[in-house]
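Here you go, one structure.
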Amino acid sequence: MREIKRLIFGGENEFVEFKRKINHPEKVIREVVAFANTKGGHLFVGVDDDGSIPGCKYADEEDFILQKAMRELCRPKIQFDLEIFPLSEKRSLLHYYIHPGERKPYFAFEKKQHRYGKAFVRVKDRSIQASPEIRKILKFNNSPTDVHFQYGDNEKLLFNFLHNNETVTVNQFREMSGLDYKSASFTLVQMVLANALKIIPREKEDWYMAVE
């Protein structure tokens with residue numbers, strides 16, 4: 001419990017998320033999927049946003065709702081560990097450790113019968129929807145192999161731009177190179193996979209930065 005309190009008192013971050021209750025399981029699974037798609041993390045149920053720990057009055061019911069949502073609304077299957085900590089005779093704290101996934105990308109579905117879901121990744125204390133580029137990179141990293149790219153005029157143009165600017169987006173690269181969006185996206189993804197660039201997920205447009 002001492003380690004659990006240390007995690008909670010550190011506040012929400014890349015690896016920690018608080019939920020007071022499971023009122024909307026279809027939203028909570030976004031956090032679960034984001035942890036699985038990133039580096040894993042701790043989901044606490046029975047903790048307020050300010051880090052106070054009132055616990056859950058009906059911990060078994062909260063756990064049933066969340067596990068049912070994970071089974072039905074997360075694909076592929078999410079691996080997790082569960083601990084239940086009694087706080088008093090009537091209240092308990094739920095702690096889920098979500099393992100980093102081995103079959104990325106993981107998707108959250110709003111309803112069980114839906115064919116298409118959304119992938120999320122964890123950025124600081126938020127879970128944001130993954131771009132198509134992020135999803136390709138996640139899928140590749142399941143079984144990474146060496147990737148090389150051809151250093152041509154477009155790549156030279158890109159590195160010259162990054163010499164004077166910290167970040168670049170797909171659209172910026174598309175405009176400066178004259179490539180269509182699909183080709184510009186493919187080029188940047190290949191350079192990330194070759195470790196020449198790193199990608200910073202963002203809600204609007206991802207950023208790409210040179211690897212130092």
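222 nm [θ] for the chain, helices only, -39500 (n - 2.57) per DSSP H run of 4+, per residue, to 500?
Values: 7 runs with 78 residues, N = 212.
For the chain, the value works out to -11000 deg cm²/dmol.
I would also like to ask the following. Defining a contact as two alpha carbons under 8 Å apart and six or more residues distant in sequence, what relative contact order in percent does region 125-212 show? Working shown, then result.
Numbers: 82 pairs, mean separation 31.0, N = 88.
Relative contact order, region 125-212: 35 percent.
Once you have a ≥ b ≥ c as the square roots of the Cα gyration tensor eigenvalues for region 159-212, tell me rounded if a/c is under 1.5, and otherwise prolate or oblate according to whether a/b is larger than b/c.
Working: a/c = 1.26, a/b = 1.20, b/c = 1.05.
Rounded shape, in that the Cα axes give a/c under 1.5.
Sort 20-32, 144-156 for me by packing, meaning the mean count of neighbouring Cβ atoms within 10 Å per residue, highest on top.
Numbers: 20-32: 18.5, 144-156: 10.9.
Packing proxy ranking, top to bottom: 20-32, 144-156.
Computed from the coordinates I sent, semi-axes √(5λ) of the Cα gyration tensor in Å equals one of (1) 24, 22, 15; (2) 26, 22, 15; (3) 39, 18, 14. Tell me the label.
Structure-derived value, by its label: (3).
Using the per-residue mean of other Cβ atoms lying within 10 Å as a proxy for protection, in what order, highest first, do the peptides 66-72, 180-186 fall? Before the final figure, lay out each step's value.
On the way: 66-72: 17.1, 180-186: 14.9.
Descending mean neighbour count gives 66-72, 180-186.
Using alpha carbon centroids, what distance separates region 138-182 and region 95-128, in Å?
27 Å
I'd like the antiparallel share, as a percent to the nearest 5, of DSSP beta bridges with both residues in the chain.
Taking every DSSP beta bridge with both residues in the chain, the antiparallel ones total about 85 percent.
Considering only DSSP states other than H, G, I, E and B, which chymotrypsin sites (Phe, Trp or Tyr not before Pro) in region 71-128 qualify as loop sites with at most 11 other Cβ atoms within 10 Å? Don't jump to the answer; show the numbers that get you there.
On the way: sites: F80, Y96, Y97, Y106, F107, F109, Y116, F120; in loops: Y106, F109, Y116.
Passing both the DSSP loop test and the Cβ count: Y116.
Which order do the peptides 169-175, 200-206, 83-89 come out in when sorted by mean C-beta neighbours inside 10 angstrom, highest first?
169-175, 200-206, 83-89
Ok, one more. What does the charge add up to near F9, with Lys and Arg as +1, Asp and Glu as -1, over the other residues with Cβ less than 14 Å from its Cβ? It would help to have the intermediate numbers written out before the result.
Working: positive: R2, K5, R6; negative: E3, E12, D48, D49, D50.
Net charge in that neighbourhood comes out at -2.
Next question, about the same structure. For the chain, build the charge dipole from Cβ charges (+1 Lys, Arg; -1 Asp, Glu) around the Cα centre, then report which of N165, S52, L197 sits farthest towards its positive end.
With unit charges placed on the Cβ atoms, the residue in question is S52.
Does region 1-79 come out rounded, prolate or oblate by the C-alpha gyration tensor, with a ≥ b ≥ c the root eigenvalues, rounded set by a/c under 1.5 and, if not, prolate when a/b is larger than b/c and oblate if not?
On the way: a/c = 2.07, a/b = 1.25, b/c = 1.66.
Note, shape of region 1-79 comes out oblate.
Using Cα pairs under 8 angstrom and six or more residues apart, how large is the relative contact order of the chain, in percent?
Relative contact order, the chain: 18 percent.
So what is the relative contact order for region 8-110, in percent, with contacts set as C-alpha pairs under 8 Å and at least six apart?
Values: 206 pairs, mean separation 35.0, N = 103.
Reported relative contact order: 34 percent.
Among F18, Q67, I84, whose Cα lies farthest out toward the positive end of the dipole of region 11-135, if unit charges sit on the beta carbon of Lys, Arg (+1) and Asp, Glu (-1)?
Among F18, Q67, I84, the one farthest towards the positive end of the dipole of region 11-135 is Q67.
With +1 on each Lys and Arg Cβ and -1 on each Asp and Glu Cβ, and nothing else charged, work out how big the dipole of the chain is about its Cα centre, in Debye to the nearest 20. Show your work: numbers first, answer last.
On the way: 34 positive and 31 negative charges, 132 e Å.
Roughly 640 debye for the chain.
Bear in mind that the values in this text are calculations on the coordinates, not laboratory data. Small disclaimer: the values here were computed from a predicted structure and weren't measured. Methodologically, a virtual Cβ is constructed for each residue, glycine included, from the backbone with ideal geometry; neighbour enumeration extends over all protein chains shown.
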